[in-house]
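The values are calculated or read from the model by the stated rules, or taken from the named source; none is laboratory data. Remember, predicted model here, so these are calculated numbers, not experimental data. Because the Cβ atoms are built from the backbone with ideal geometry, glycine has one as well, and the counts that use them run over all protein chains shown. Please note that ligands, DNA and RNA were not included when accessible areas were found on the heavy atoms of the full protein model with its side chains. Shrake-Rupley method; radii C 1.70, N 1.55, O 1.52, S 1.80 Å.
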Amino acid sequence: MKTNNKSGKIILEVVLVLLSLLFLYPLFLTIINSFKSFSEVMTDVIALPKHITFANYSYVWEFINYPRLFLNNFIITALGLLGIVFVSSIAAYKLARTKTRWSGVIYFLCIMPMLIPFQSIMLTVLQTAKNLNLSESIWGLGLLYWGFGAPLAVFIYHGFVKGIPLEIDESATIDGASGFRLFFSVIFPLLKSVTTTIIIIDVMWIWNDFLLPLLMVNGSPDTKTLTLAAYTFVGQYTSDWQYAMTAMVMAVLPSIVVFIFLQKYIVKGVVAGAVKG
């Protein structure tokens, strides 16, 4: 029995390693081609670069004005995260603590947008954003992420809050805490692990998002994001693939760094939410 279990674990580990390599291979190709010249990329995509040079990176840094676009990404991501965490945590807490016939219906309506493909509503969203003067603005784009990110966040928060004893609320209320004081001073600190999970997931999504920024802020170089800047090197008749690969590496690198350092909190937060829910 022990031999069979050991063999099963080895097979599982081999399969997981192969799957990891399969998913990492496109990233590997992107990185090695970012160090090549145009002729090298067109000659052999999968070959290693003949010479390691950072000329592509220096050119892309200046051409797309990387510091400016990095700031755009930061503002959009930070604004989106603040709204998602603030609105979703309060909504999930209120829905979890309110036991009426309508609370379940409202909760279902809050999480139902997760089932709707963005492509089916993107034209409506774009037209609505134009009517509200939110298009061609990084601040407007950040606000839109509130609506698209809230359903998943409400779902995760709701499951976690249900596991927090109601006696904590009652004790704080007896001590004279108001509704907002109760939430922000007592409940929200207990949501630290699940909040970290939501932040990491949404950073990876918002920072690297392409379609929504393409629709909203692609009209001006001053409002573009890093992923849109990488797309500028791909044209209808000619494409500078070496610069496109370089720009893509520079675009996704910050989010990868965040993920590497905080990945342990993802599993911790999801497991905590599942157990408490």
The one condition in (1) open to solvent by 40 Å² or more (accessible area, probe 1.4 Å); (2) assigned to a helix (DSSP H, G or I); (3) of a type in the set (A, V, I, L, M, F, W, C) that ILE76 fails to fulfil: (1)
Can you pull out every residue in region 219-247 that is open to solvent by less than 60 Å² (accessible area, probe 1.4 Å), under 22 Å from the mean Cα position of the chain (by Cα) and not small (Gly, Ala, Ser)? THR223, LYS224, THR225, LEU226, THR227, LEU228, MET245, THR246
Looking at ALA55, ALA96, ALA92, which one is touching a helix residue (DSSP H, G or I) at 6+ places or on another chain (Cβ under 7 Å), open to solvent by less than 80 Å² (accessible area, probe 1.4 Å) and farther than 30 Å from SER135 by Cα? ALA96
Taking ILE11 as the residue in question, decide whether it is of a type in the set (A, V, I, L, M, F, W, C), touching a residue at least 12 places away in the same chain (Cβ under 8 Å) and surrounded by 10 or more Cβ atoms within 10 Å (Cβ to Cβ). no
Subset of region 132-173 [touching a Cys at 6+ places or on another chain (Cβ under 7 Å) and basic (Lys, Arg)]: none
LEU190 meets each of (1) within 29 Å of LEU71 (Cβ to Cβ); (2) in contact (Cβ under 8 Å) with a residue 24 or more places away in the chain with one exception, condition (1)
Would you pick out the residues in region 20-54 that are in a loop (DSSP other than H, G, I, E, B) and among the β-branched types (Val, Ile, Thr)? VAL45, ILE46, ILE52, THR53
The one condition in (1) closer than 26 Å to VAL154 by Cα; (2) open to solvent by 30 Å² or more (accessible area, probe 1.4 Å) that ASN131 fails to fulfil: (1)
State the number of residues belonging to region 166-198 that are open to solvent by 40 Å² or more (accessible area, probe 1.4 Å) and in a helix (DSSP H, G or I). 17
